[in-house]
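This report refers to the structure that appears directly beneath it.
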Amino acid sequence: MSNLSISKTTYKNIFCEVFKDDAVKYFDLRAKAGDPNGNNIVVNSKYFAIPYKGPGGPVAVINLEKPGRFGNVPMLEGHTAPVTDLAFSPFNAQLLASASGDGNICIWQIPEGGVTETIREPTQKLLGHEKKISKIRFHPSANNVLASSSFDKTIKLWDLEKQDAQVTLEVGELITDFAFNIDGSQMVVASKDKKLRIYDTRSGEVVATTEGFPGSKPVRVVWAKRHNKIIACGFGKMADARIRLYDPEKFEAPLQKDELDRESGNFLPVYDEDTGILVLARKGGSSLRYFELSESELMLTGAKKKFVVNSTMSGLAGAPKIANDTSNHEIIKLFQLSGEQVQPMSIRVPRKTTNFQEDIFPDTFHIKPAIEAEAFFGGETAAPLEVSMKPGERPEGSVVIASFKPTYEKKEREKPKEKTEADLLREENEQLKAKIVELEAKIKELSA
């Protein structure tokens, strides 16, 4: 039963405009599905990037200022297996990270004019995970810090300038999603054992743990940084979609929990820090839902509980705030991946004037880092810098960080040591123990 409030929201009249003019759309994109639990598209102020069809794991990087029809395009080709996730640096519009089933992360320095010819040599390659990588996220305030989760059940935090993992979180379970807090000193992790955990990102220690969702489908998490709240989206035993709100300081139980619907698609969340609005879509779905976060609750917002976009979504991404048009009161700019098409959408607040509106455009996170990677791993902590959204005061484009001087070395992945008979017996023993626990849980469930 939903307890979601509607009447108290600040943005109850927001609406979404889907641009119908083909001149602003991107067609004939040979997009390849990435991680089934991922958003499959990333966007910054200059480009969007998507996994592309082709041998290995190619990536297409498309200039936002050049919509049209594409088909065969120059690509980034540095992987030997399909790409699972992508991430743009929040501080350098030309810096893109790609993760793959080959267990590697490629760092790409996109040429200033975009990708005009296929690039096969990444600026940097990060080697260290033993299995397929599932998610990658840049640090919110420290320059050149990247986190990655893998099917080897670890999360690594990398210093890109040193091309090395400085911290490894030993999660011990398959990871479905993770998210940083405002200064990157902590991280919430969702895993297949139906737990949510908060980790210290430098010591690697677990700070807090709570029960997750009872269903087996993957969980997505958002750490609302300014509100210091955690939003988790998951499923019940009957695949019914659910949403929860947590206070990380009182993590043992959710502040709020609500049922959403019985749609089966995995979640596609996009959260806007400035307004506290969560846009929630579903893979295979054709509608958006809006939620507004206050200090203590999530509220449904918008004139309609759902906004229908009339096309099936396979991916969704939100652009950085500096890409928004403040003159028409655009508070969130979205890019929807649907089959072989990418379509821009605009969430707006209806106002009669075109003047800058301070109440809906508070200062946003800056495109300059607060600290460098070495300082972060050395123990320093800093929240993101902020900058005005007012025209003439906000930054245009993106800062290219001169201090990024990566070294690319051709490293061969170390061959794993051959397992002894004792190692194999220990593994078999652990698998049998896990099976016993699983069967006991099923017996308990059937007996209840």
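The values are calculated or read from the model by the stated rules, or taken from the named source; none is laboratory data. If you're wondering where the values come from, they're calculated on a predicted model, not measured in any experiment. So basically every Cβ, Gly included, is an ideal-geometry build from the backbone, and we count neighbours across all protein chains shown. Just so you know, the surface numbers come from the protein's heavy atoms only, side chains and all, with ligands and any DNA or RNA stripped out. Shrake-Rupley method; radii C 1.70, N 1.55, O 1.52, S 1.80 Å.
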Residue within region 191-206 that is among the hydrophobic types (A, V, I, L, M, F, W, C), open to solvent by less than 20 Å² (accessible area, probe 1.4 Å), touching a residue at least 40 places away in the same chain (Cβ under 8 Å) and not in a loop (DSSP other than H, G, I, E, B) present: yes
Residues that are β-branched (Val, Ile, Thr) and assigned to a strand (DSSP E or B), drawn from region 317-342: ILE331, ILE332, VAL342
Using beta carbons and a limit of 8 Å, which pairs, at least six apart or on different chains, have the first residue in region 124-143 and over 20 Å from GLY103 (Cβ atoms) and the second one in a loop (DSSP other than H, G, I, E, B) and aromatic (Phe, Trp, Tyr)? ASN143/PHE91; ASN143/PHE404
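Given region 42-100, what strands (runs of 3 or more DSSP E) lie entirely inside it while holding 1 or more residues that are open to solvent by 10 Å² or more (accessible area, probe 1.4 Å)?
Details: elements: 47-51, 59-63, 83-89, 92-100.
Correct list: 59-63, 83-89.
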Which one of these does PHE251 not meet: (1) modelled with pLDDT of 95 or more; (2) among the aromatic types (Phe, Trp, Tyr); (3) over 28 Å from PRO384 (Cα atoms)? (3)
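Every residue, every condition in (1) closer than 14 Å to SER98 by Cα; (2) touching a residue at least 40 places away in the same chain (Cβ under 8 Å); (3) out of contact with any Ser or Thr (no Cβ under 7 Å at 6 or more places or on another chain), yes or no:
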{"position": "ALA23", "(1), (2), (3)": "no, yes, yes"}
{"position": "GLY34", "(1), (2), (3)": "yes, yes, no"}
{"position": "ASN39", "(1), (2), (3)": "yes, yes, yes"}
{"position": "VAL43", "(1), (2), (3)": "yes, yes, yes"}
{"position": "PHE48", "(1), (2), (3)": "yes, yes, yes"}
{"position": "LYS53", "(1), (2), (3)": "no, no, yes"}
{"position": "GLY57", "(1), (2), (3)": "yes, yes, no"}
{"position": "ASN63", "(1), (2), (3)": "no, yes, yes"}
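For (1) open to solvent by 30 Å² or more (accessible area, probe 1.4 Å); (2) assigned to a strand (DSSP E or B), each residue gets a yes or a no:
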{"residue": "LYS237", "(1), (2)": "yes, no"}
{"residue": "ARG242", "(1), (2)": "yes, yes"}
{"residue": "TYR246", "(1), (2)": "no, yes"}
{"residue": "SER264", "(1), (2)": "yes, no"}
{"residue": "LEU278", "(1), (2)": "no, yes"}
{"residue": "GLY284", "(1), (2)": "yes, no"}
{"residue": "GLU295", "(1), (2)": "yes, no"}
{"residue": "LEU300", "(1), (2)": "no, yes"}
Just to be sure, is SER150 at pLDDT 95 or above, touching a Ser or Thr at 6+ places or on another chain (Cβ under 7 Å), open to solvent by less than 40 Å² (accessible area, probe 1.4 Å) and among the polar types (S, T, N, Q)? yes
For residues in region 45-75 being among the polar types (S, T, N, Q) and modelled with pLDDT under 95, which is nearest to the chain's Cα centre (by Cα)? SER45
Can you find a residue in region 302-316 that is in a loop (DSSP other than H, G, I, E, B), over 22 Å from the mean Cα position of the chain (by Cα) and aliphatic (A, V, I, L, M)? yes
Test set (1) of a type outside the set (A, V, I, L, M, F, W, C); (2) modelled with pLDDT of 90 or more; (3) open to solvent by 30 Å² or more (accessible area, probe 1.4 Å); (4) assigned to a loop (DSSP other than H, G, I, E, B) - TYR271 fails condition number: (4)
Could you give every pair whose Cβ atoms fall below 7 Å, whose first residue belongs to region 307-327 and is open to solvent by 50 Å² or more (accessible area, probe 1.4 Å), and whose second residue is not in a loop (DSSP other than H, G, I, E, B), counting only separations of at least 6 or pairs across chains? VAL308/SER287; THR312/SER338
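For the structure I just gave you, tell me whether PHE361 is surrounded by 19 or more Cβ atoms within 10 Å (Cβ to Cβ), within 21 Å of the chain's Cα centre (by Cα) and in contact (Cβ under 8 Å) with a residue 60 or more places away in the chain. Please lay out each step first, then the result.
Values: surrounded by 19 or more Cβ atoms within 10 Å (Cβ to Cβ): yes; within 21 Å of the chain's Cα centre (by Cα): no; in contact (Cβ under 8 Å) with a residue 60 or more places away in the chain: yes.
When the stated conditions are applied, PHE361 does not pass them.
Would you mind finding the one in GLY184, GLY172 that is open to solvent by less than 10 Å² (accessible area, probe 1.4 Å), of a type outside the set (Asp, Glu) and part of a loop (DSSP other than H, G, I, E, B)?
Numbers: GLY172 fails: open to solvent by less than 10 Å² (accessible area, probe 1.4 Å).
One residue alone meets the criteria, GLY184.
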